[in-house]
Structures are given as C-alpha cells and as structure tokens.
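**Student:** Attaching a single structure in structure tokens format; questions to follow.
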Amino acid sequence: MAWANSSQVTEFILLGLSDKRELQVLLFTIFLLAYAMVLLGNLLIIAAVRTDPKLSSPMYFLLCNLSFLDICCTSVTAPRMLVDLLCQRKAIVFEGCIAQLFFLHFVGSSEMFLLTVMAYDRYTAICKPLHYTAIMSRWTCWLLVSSCWAGGFLHSITQTLLTLQLPFCGPNTINSYFCDVPPVIRLACADIYTTEWLMASNSGLISLGCFLVLLTSYVPILLTVRGRVPRGGCKALSTCAAHLAVVTLFFVPCIFIYLRPFSTFPLDKYVCVSYTVFSPVLNPLIYTLRNSEVKESMWRLWRR
C-alpha cells in the first residue's frame, strides 16, 4: 500500500493503565467482570426484544441496536486490554492499531448518533403521542438506524485516512491501553497542526453536537410531564435523570478527549475507561431495570 512506504514503524508499544503487577491483576479482575456484564446484559436485551412480540415498538427496536453497538464498542478494546494486563510486553502491530482505531470510531460514533435518535424517539412519544405511530414508522426506524451506521462509517473512514497519510518513523510508544487518534498521530514524524484541527472539528464537534441535541430534547419532555399526575411526573423525572447520567458518562469524556487539539494529559487514558467499559455496563442496567416490560420479557426468556 502507498502509505506503508512512508512509515518505518511496524508496531506500537502500549503502556497500559499501570505497570504494577498487583494493580494489573486487580484491574484484570474488574474489567473481566465488567466485560462479562456487558456481554450478558446486552445479549439478554437483544434476545428478549427479538423473541417477544410485545417488544415491537420503535423504542425497543432502537434499544436492540444500542445493545449491539455496546457489545461491539467494548469488544474493540476490552479483549486486547485484558490480554495486555497479563503480558509483560504490550505490543500491537501497525495494521492492528489502525484497525482498532477504525472500528472504535465506527461503532462509537454510530452509538452517538443512535443515542440522539433514541432521544428524538422519546420526545415524539411523550410530546406528540397522537402522531407517534405515523412519525416513527418501521420504515423511518430502519432509515434512522441505517443513517447512524452510515454516519459512523463516514466519520471513522475520515479519521483513519487522516491518520494513514502521516509518516511514522519513531518513537512508537503509546501512553494508553488502546490505539486512538490523539495519541497515535502525536507519534508522527510530520507537522500535525492541520490534522489535529481537522480531527478535533470532526470527532469533537460530533460529540458536542450530539450531546447538546440530547440535552435539548429533554427540556420539552420534562415540561410535558410536569403538568401530569405527580407520581407519573416523578417517575418520568427519575427515568430522565438516570438516562442523562449514563449519556453524560459517555459523551463528556469524549468531548474532553477529542475537542482539544495540541494537548494531552496522562489522565486521558483513565478518562477513556468511562466510555469504553463502564458506560456499556450501565446502559443495559438503566434501560432494563427501569422498564417493567423488558424485565418481564427477560424473566420469561430466562425461565424458558
């Protein structure tokens, strides 16, 4: 390939989260349990939605897609991180690093777009209930989800191509537990001023824009439920607060990492843990424990 001739680096060395053996064993146990919870919780949601005819509304269709993206997002980084926590030398080949970077941004940005679509779905269901069926038809849902995947791919391929056009001739040490755009491009043997601005305006503005749209969508929802029965209003407020907490845990670290070119902190790799591991763990808990229909369906599925 053309870009291979301009790069002398054949592998990158990941420093991981810690070099202390005792802490590595503890982190391995924590992240293994978290990864198992992500797989189990989201697979149960997918199975429940796919097998229960009662869960056929657009909300559950979008939730099923969110669970699939959560599994993909965590699986891009978690297995490699778990292996590296048990290894002395944490090396990843150049091609593997680029592939990890591509798929992380692909599923991560697709999930951002999907969370925004889910917020629009809830806004339509609560604020325009009489028109909900017409607005969120099956064809519209498929179109919105396809647009999320297409937008994620377009974003990811842009980030990847911007990275590949840079020459890498050393050093090759990445102060993180996975390959991501900011730490990788700072190893390039070239001026990355323009590249950093392009990437910040891409990843950073997407994260910030989706987050602001999500926050804005909750304003009319809360205003709508305010005048209803107090008990129902309190329940809606509690549910919105839980959703906002998980969404904030996902978006704010992304905004912190990607919306500030030309600077990097040792804290960055710990901030990334929130949206690569812990947010996918909380999503199935928030979207199922507060939904009686999903809980009943999962219980019936478990008994079968």
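**Student:** Could you do me a favour and compute the accessible area per residue for the stretch 18-297, 1.4 Å probe, result in Å²?
**Tutor:** So the stretch 18-297 comes to 47 Å² accessible per residue, rounded to a whole number.
**Student:** Right, here's the next one. Can you list residues from other chains, or at least 5 along the same chain, whose modelled amide H is less than 5 Å from the amide H of Glu11?
**Tutor:** Here Phe94 satisfy the definition.
**Student:** Could you state the number of Å between the C-alpha centres of the stretch 10-34 and the stretch 153-217?
**Tutor:** 23 Å
**Student:** Give me the angle, in degrees from 0 to 90, between the Cα long axis of helix 94-127 and the longest principal axis of the Cα atoms of the chain, rounded to the nearest 10.
**Tutor:** With both axes taken from Cα atoms, the answer is about 20 degrees.
**Student:** Another question about this same structure. Quick one: angle between helix 138-164 and the longest Cα principal axis of the chain, in degrees between 0 and 90, rounded to 10, please.
**Tutor:** The angle comes out near 10 degrees.
**Student:** Continuing with the same structure: Quantify how much of the Cα-Cα distance distribution of the stretch 55-118 extends past 17 Å, in percent.
**Tutor:** 51 percent
**Student:** I've got another one for you. So for the chain, if I pair up every lysine 8 or more residues apart or on another chain, how many of those pairs have alpha-carbons under 27 Å apart?
**Tutor:** Qualifying lysine pairs in the chain: 9.
**Student:** With θ set to phi - 60° and the Karplus curve 6.51 cos²θ - 1.76 cosθ + 1.60, what are the ³J(HN,Hα) couplings of the stretch 279-284 in order, to the nearest whole Hz, using x for Gly and Pro?
**Tutor:** Residue by residue, the stretch 279-284 yields 4, x, 6, 6, 3, x Hz.
**Student:** Mind computing the radius of gyration and Dmax over the alpha-carbon atoms of the stretch 18-297? Å is fine for both.
**Tutor:** Rg and Dmax of the stretch 18-297, Cα atoms, are 20.0, 65 Å.
**Student:** Then there's this: Carbon and sulfur: what percent of the stretch 18-297's accessible surface (1.4 Å probe)?
**Tutor:** Carbon plus sulfur share of accessible area: 71 percent.
**Student:** Could you run the Karplus curve 6.51 cos²θ - 1.76 cosθ + 1.60 with θ = phi - 60° over the stretch 33-44 and give me ³J(HN,Hα) per residue in whole Hz, x for Gly and Pro?
**Tutor:** Once θ is set to phi - 60°, the couplings for the stretch 33-44 become 5, 5, 5, 5, 5, 4, 5, 5, x, 6, 5, 5 Hz.
**Student:** While we're here: Using a Gaussian network model of the chain whose springs link C-alpha atoms within less than 10 Å, name the residue from Arg122, Arg21, Arg260 with the highest mean-square fluctuation.
**Tutor:** Of Arg122, Arg21, Arg260, the Gaussian network model singles out Arg21 as fluctuating most.
**Student:** If packing is taken as the mean number of other Cβ atoms within 10 Å per residue, what is the order of 123-133, 151-161, highest first?
**Tutor:** 151-161, 123-133
**Student:** List, in order, the whole-Hz ³J(HN,Hα) value for each residue of the stretch 194-211 obtained from phi through the Karplus relation with A = 6.51, B = -1.76, C = 1.60 and θ = phi - 60°; use x for Gly and Pro.
**Tutor:** Working through the residues one at a time gives 5, 4, 5, 5, 4, 6, 5, 5, 8, 5, x, 6, 5, 4, 5, x, 4, 5 Hz.
**Student:** Roughly how compact is the stretch 240-299, stated as its Cα Rg over 2.2 N^0.38 Å to two decimals?
**Tutor:** So the stretch 240-299 has a normalised radius of gyration of 1.43.
**Student:** Please arrange Cys189, Cys97 by accessible surface area, largest first, computed with a 1.4 Å probe and ligands excluded.
**Tutor:** Sorted descending by solvent-accessible area, the residues read Cys189, Cys97.
**Student:** Largest first, how would Leu66, Leu212 line up by accessible area (1.4 Å probe)?
**Tutor:** Leu212, Leu66
**Student:** Quick query: amide H of Ala91 versus all other amide H atoms, modeled in the peptide plane; which residues come in under 5 Å with a sequence gap of 5 or more or a different chain?
**Tutor:** Leu14
**Student:** Determine the order of Thr248, Thr264 by accessible area, beginning with the largest, at a probe radius of 1.4 Å.
**Tutor:** Thr264, Thr248
The values are calculated or read from the model by the stated rules, or taken from the named source; none is laboratory data. Owing to the predicted nature of the structure, the values given are computational and were not obtained by experimental measurement. Note: ideal-geometry Cβ built from the backbone for every residue, glycine included; neighbour counts use all protein chains shown. Note: areas computed on protein heavy atoms with side chains; ligands, DNA, RNA excluded. Shrake-Rupley method; radii C 1.70, N 1.55, O 1.52, S 1.80 Å.
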